[in-house]
Amino acid sequence: MASGTVILTPGASFTVTSPTLDLADIEHADDQWLPRVALDIAAAAPVGPVLLVLAGRHAAQAPALGFAQRSARRAVAGYVLVDPVLPAVGGDWPDAPVTVVVSPQADADMRSAALGARLRGWEVVDGDPGEVIDRIAARP
């Protein structure tokens, strides 16, 4: 994804050096999170392909947010899930590579979720989320 935009979704507050659409500090009610974030992204019209970064419980929304991007004809280069609640897999998701980042602040439940990600064949990386996101964004 050497070009394109990293999208930090609400709750994914990390320092990255890649071209970024930073929505991390925007707050939405849980029942409005997905449609509002999809609208925020559409309004910003980021350069594709996009790297979607979701953290914590919002990571479970990755399939729906990815579908919203495809519906908007915006290519998704990948998903980065930081200390996630893992999303359900099915149908046509994942449609791009998934990387799970286990941060130094992750609790035991989040570390256990990483095992589930490994069993799904997803890349799992321990480390600083900002550094990992930059490395992924720099990949060709």
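Points worth noting:
- Burial order of peptide ranges 25-34, 83-92, 63-72, 47-56 (average beta-carbon count within 10 Å, highest first): 47-56, 63-72, 83-92, 25-34
- For the chain, the fraction of C-alpha pairs farther apart than 26 angstrom is 13 percent.
- Normalised radius of gyration (Cα atoms, divided by 2.2 N^0.38 Å) for region 1-82: 0.96.
- Only DSSP H runs of four or more residues enter the estimate; each adds -39500 (n - 2.57), and after division by the residues of the chain the mean residue ellipticity at 222 nm equals -9500 deg cm²/dmol.
- Sorting 103-115, 9-21 by their mean Cβ neighbour count within 10 Å, with the most densely packed peptide first, gives 9-21, 103-115.
Read the figures in this text as sums done on the coordinates, not as results from a lab. Fair warning: this is a prediction, and the values are worked out from it, not measured in the lab. Ideal geometry is used to build each Cβ from the backbone, glycine not excepted, and the neighbour counts take in all protein chains shown.
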